[in-house]
Amino acid sequence: MSFSNGILNLTNWVGNVILPTLAGLFFVIAVLRFSRGLAHYPPMYGGFLCLMGSGLVRALETFTRQRNWNDPDVYWVSLVTLVNWISNVIMPLYAGLEVAAGGVSLASDMRIHHTSNWQRHFLSAGLCLLLSGLLRLAEYFVAHGTGGVP
């Protein structure tokens, strides 16, 4: 067993076992503090941070497993996969969330003014979809290129 393999196993154990267990413990503490009328936000944030740390470890494992460990392009492919995942998955989901927030803001505040929140939400949704579409277009041109300019 090598040192690198031991660190990998330790990271897997912490990300897959310890952090979700600690998240559950933090959520239990938050519920108990809420039932007593105390501030329940700090343990709740701790639980979400533990789950986020666990999810980030799993995501980084997925991004780096696409190539062999000794491939010189492993970091480049991981970075491209991360950008594709963010632009093709996260940005459209966030756009949908912004459209919902804009709809709620528009329905709850019927004033039409240039500084209203609903316009910012809808503009953010449009910009998210625009950025996602531009990255998809660039990805298409790179994948279907002619191999250079004649």
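The values are calculated or read from the model by the stated rules, or taken from the named source; none is laboratory data. Please read these numbers as outputs of a predicted model, since none were measured by experiment. No Cβ is skipped: glycine too gets one built from the backbone with ideal geometry, and neighbour counts run over all protein chains shown.
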The helices (runs of 4 or more DSSP H) lying wholly within the stretch 29-147 that contain at least 1 residues that are modelled with pLDDT of 85 or more, under 18 Å from the mean Cα position of the chain (by Cα) and surrounded by 13 or more Cβ atoms within 10 Å (Cβ to Cβ) are 41-64, 91-108, 117-143
Looking at Leu38, Leu56, can you tell me which residue is farther than 30 Å from Val83 by Cα, outside the structural domain of Val83 (by TED's automatic domain parsing) and not β-branched (Val, Ile, Thr)?
Leu38
Just to be sure before I move on: is Asn12 at pLDDT below 85, surrounded by 13 or more Cβ atoms within 10 Å (Cβ to Cβ) and part of a helix (DSSP H, G or I) in the structure I sent?
yes
Evaluate the stretch 4-24: report whether one residue or more is touching a Gly at 6+ places or on another chain (Cβ under 9 Å) and either farther than 30 Å from Asn84 by Cα or of a type in the set (Lys, Arg) (or both).
yes
